[in-house]
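S.K.: Structure provided below as structure tokens; questions to follow.
Here, each number is a calculation from the coordinates, and none is a lab measurement. The structure displayed is predicted, hence computed values, not measured ones. Here the Cβ positions follow ideal geometry from the backbone for every residue, glycine too, while neighbour counts run over all protein chains shown.
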Number of protein chains: 2
Amino acid sequence: MARVNVDTPAAGKNAIAAEKNRRLFRENHVFVMNMIGSPGCGKTSILEYTAENSNVRCAAIVGDVKTALDADRILDRNMPAYPIETGGGCHLTAVQIGSMLTRIDLCKTDCLFIENVGNLVCPSVFDLGEDIKTGVLSVPEGDEKVRKYPELFSRTDVVFINKTDLLPHCEYDMEKIERDCRTARPGVKIFKVSATKGLGFEDWARYLEMNRKEQQNGK
Amino acid sequence: MARVNVDTPAAGKNAIAAEKNRRLFRENHVFVMNMIGSPGCGKTSILEYTAENSNVRCAAIVGDVKTALDADRILDRNMPAYPIETGGGCHLTAVQIGSMLTRIDLCKTDCLFIENVGNLVCPSVFDLGEDIKTGVLSVPEGDEKVRKYPELFSRTDVVFINKTDLLPHCEYDMEKIERDCRTARPGVKIFKVSATKGLGFEDWARYLEMNRKEQQNGK
């Protein structure tokens, strides 16, 4: 139990379900981001900001151990949001995502966010059929998280560094964390934002728009 | 894999090892706190502060997925600290703790801190033989964590609310989170602190000293 074993029957079942999800996403030209970060790093706040400030047709599947609080916050901003309560589960599985997809109008969705359970460990090794994994860091967590969770950050094509408004009040070496991200995953895109203050989202808006165009060209 | 199963052979092995640890702690009159919180909530900073400001004879076992960075920080403050790298493991096990205990001078230790892997889910259901579970929250994570992780907070006899120095810069309802803690675990002790600024530790110092006396009376 000390290490996530990806060779178990359950992991095999996950891989099959992930492939099925991926086919469905490709057929419907939906760009899918699996968002992984600590509890309270601001995954939901980033989606709230995106819901209010983007014309890209988005939807979200939101995993939490308990409550649908985060999904409700996103719904309040008029982005379709579908909660999955995992009970004791510390990560989402491809099977859970697959069973939710029947409820989502994929034809009318350009970008699907999967907000994973707040956890930097197990979510990193469970493929959900996504296009990319997205790491969400936040300034008050400290600047050593990339080194401490190399499994995750070796797989993230996008990293948000959130809560930049707290930089004047925290010891945080931004250059170091950016360097660590690029070492772990060369070519990673880094968005430095404050979701609650609406700061730094220009590059993110361009990135989303670029992906929307690519998806819509296919539709 | 979606839910931690406590009825597996591995879980049975953990329960046996936890009992063995507990016996050893009692024989040596060591008070043991299993500290559980998100990555970056400040578990290590609390131990750094304690190392520098307490006369209680403490030691720490420090779990991390990768690196011994946190154990090194505590060692630098002259508290004996023993790192456990879990590899991909998202929580510490009683077997891992047991194998570390041979290296610790329990006769000369009044309080042993076990800093678990940063994660609010799986560590909450793995008994390590500790006296109490201690939840560590931090202000910038937001004030809904107790409701979202009820499994953990129904078992915590002590809760730290750290990074109170950031209260002026975050939306955080302190009364609500305290109420949630007390609802989840009646009688819970709550310490509101800022570890990096050294604020609010008076009650914690008294609590540690009280426990030291109890342990030393037994030795």
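S.K.: May I ask for the net charge around A:Glu48, where only other residues with Cβ less than 9 Å from the Cβ of A:Glu48 are counted and Lys, Arg are +1 while Asp, Glu are -1? Write out the running numbers ahead of the final one.
M.R.: Details: positive: A:Arg73, A:Arg77; negative: A:Glu52, A:Asp76.
Net local charge, A:Glu48 excluded: 0.
S.K.: When we measure straight from the Cα of A:Lys66, which lysines land under 18 angstrom away, once same-chain ones fewer than 8 places off are left out?
M.R.: Cross-link targets: A:Lys43, B:Lys145, B:Lys148, B:Lys176.
S.K.: Fewest Cβ neighbours within 10 Å first, please rank A:Ser45, A:Ser154, A:Ser138 accordingly. Please list the in-between numbers first.
M.R.: Values: A:Ser45 24, A:Ser154 14, A:Ser138 29.
Starting with the residue having the fewest Cβ neighbours, the order is A:Ser154, A:Ser45, A:Ser138.
S.K.: On to the next question. Going by amide H atoms built from the backbone, whose H comes under 5 Å of the H on A:Ile84, apart from near neighbours?
M.R.: Distant-sequence amide H within range of A:Ile84: A:Val62, A:Gly63, A:Asp64.
S.K.: Next question. Given Cβ point charges of +1 (Lys, Arg) and -1 (Asp, Glu) and nothing else, what value in debye, to the nearest 20, does the dipole of chain A about its Cα centre take? Don't jump to the answer; show the numbers that get you there.
M.R.: Working: 30 positive and 31 negative charges, 102 e Å.
Rounded to the nearest 20 debye, it is 500 debye.
S.K.: What is the sum of charges around A:Met210, taking Lys and Arg as +1, Asp and Glu as -1, for the other residues whose C-beta is under 14 Å from the C-beta of A:Met210? Display every interim value, and only then the final one.
M.R.: Working: positive: A:Lys189, A:Arg206, A:Arg212, A:Lys213; negative: A:Asp110, A:Asp131, A:Asp157, A:Glu202, A:Asp203, A:Glu209, A:Glu214.
Residues close to A:Met210 contribute a combined charge of -3.
S.K.: Separate question: Over the C-alpha atoms of the range B:125-219, what are the Rg and the largest Cα-to-Cα span, Dmax, in Å?
M.R.: 14.3, 46
S.K.: Taking Rh as the Kirkwood radius, which is the inverse of the mean 1/r over Cα pairs, what is the Rg/Rh value for chain B? The partial results should precede the final answer.
M.R.: Values: Rg = 16.5 Å, Rh = 17.5 Å.
Ratio of gyration radius to Kirkwood radius for chain B: 0.94.
S.K.: What's the local net charge at A:Arg155, with K and R +1, D and E -1, over the other residues with C-beta under 13 Å away?
M.R.: Neighbour charge sum, excluding A:Arg155 itself: -3.
S.K.: So what is the 222 nm mean residue ellipticity for chain A from helices alone, if each DSSP H run of at least 4 adds -39500 (n - 2.57) and you divide by all residues, rounding to the nearest 500 deg cm²/dmol? Intermediate results must be reported in sequence, preceding the final value.
M.R.: Details: 8 runs with 82 residues, N = 219.
The helix contribution divided over chain A gives -11000 deg cm²/dmol.
S.K.: With the label 7 angstrom out along Cα to Cβ, how close does A:His29 come to the same site in each of the other copies, in nm, nearest first?
M.R.: 7.5
S.K.: Cα-based Rg of the range A:52-171 per 2.2 N^0.38 Å, rounded to two decimals? Kindly include the intermediate steps, with their values, before the conclusion.
M.R.: Working: Rg = 15.2 Å, N = 120, 2.2 N^0.38 = 13.6 Å.
Its radius of gyration relative to the 2.2 N^0.38 Å reference: 1.12.
S.K.: Pull out the extension gain between B:Lys108 and B:Leu199, defined as 0.36 nm times the separation in residues minus the alpha carbon to alpha carbon distance; nm, one decimal. Don't jump to the answer; show the numbers that get you there.
M.R.: Details: separation 91, 0.36 × 91 = 32.76 nm, distance 2.84 nm.
Difference between extended and current length: 29.9 nm.
S.K.: Given the protein assembly as shown, report the % of alpha carbon pairs whose separation exceeds 39 Å. Don't skip to the answer; put the middle values down first.
M.R.: Working: 17977 of 95703 pairs.
Taking all Cα-Cα pairs of the protein assembly as shown, the fraction more than 39 Å apart is 19 percent.
S.K.: Further, regarding this structure: Counting only DSSP beta bridges with both residues in the protein assembly as shown, tell me the antiparallel percent, nearest 5. Can you show the working numbers first?
M.R.: Details: 2 of 62 bridges.
Bridges in the protein assembly as shown that DSSP calls antiparallel: roughly 5 percent.
S.K.: Shortest first and in nm with one decimal, please list how far the B:Thr102 label point sits from its counterparts in the other copies (point 7 Å along Cα→Cβ).
M.R.: Here B:Thr102 shows inter-copy label distances of 5.4 nm.
S.K.: In peptide A:113-121, how many Cβ atoms from other protein chains are near each Cβ within 10 Å, on average? Intermediate results must be reported in sequence, preceding the final value.
M.R.: On the way: counts 0, 0, 0, 0, 4, 9, 9, 8, 12.
The per-residue average across the peptide is 5.
S.K.: Let me ask something else about it. Once you keep just the Cα pairs under 8 angstrom separated by 6 or more residues, what percentage relative contact order results for the range B:12-100? Present the calculation step by step, with values, prior to reporting the outcome.
M.R.: Numbers: 90 pairs, mean separation 28.8, N = 89.
32 percent.
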